[in-house]
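Q: Before I ask anything, let me first share the structure, which is written out below as structure tokens.
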Amino acid sequence: NSAARMAETKEKFAQKCKEELLILWTDYFKPEHFAKYPKLTEKILAAARQCSTVKRDVNLEAAQKLKDMVGEVAAIFRETKK
């Protein structure tokens, strides 16, 4: 039962992560951000796809890759807040 609950929690967090990435992409980032960071859309979409991979599989490497990808988007987000 614990494994099933952990897998369900992992899937919920991956879905929430995907939703938040897409909210940033559609509601927060503006054309000037995309001009300053030309690969921003690519990074967000790749991270959103990685969320789907994490939801599908129980794989620590996939989860770590997602964490790294989200970290890159977060770094850009922090830069835009300055």
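Nothing in this text is a laboratory measurement; each read-out follows from the coordinates by a stated rule. Quantities reported herein were computed from a predicted structural model and do not represent experimental measurements.
Q: Take the range 1-78, drop everything but the C-alpha atoms, weight them equally and run the Debye formula without solvent; then report log10 I(q)/I(0) at 0.17 Å⁻¹ to two decimals.
A: Debye intensities relative to I(0), on a log10 scale: -0.64.
Q: Treating the angle as unsigned and between 0 and 90°, give the value, to the nearest 10°, between the Cα long axis of helix 60-80 and the longest Cα principal axis of the chain.
A: Helix 60-80 sits at roughly 20 degrees to that axis.
Q: Report ³J(HN,Hα) in whole Hz for each residue of the range 5-22, in order, from the Karplus equation J = 6.51 cos²θ - 1.76 cosθ + 1.60 where θ = phi - 60°; Gly and Pro get x.
A: Karplus values, whole Hz, x for Gly and Pro: 5, 5, 5, 5, 5, 4, 5, 5, 5, 5, 5, 5, 4, 4, 4, 5, 4, 5.
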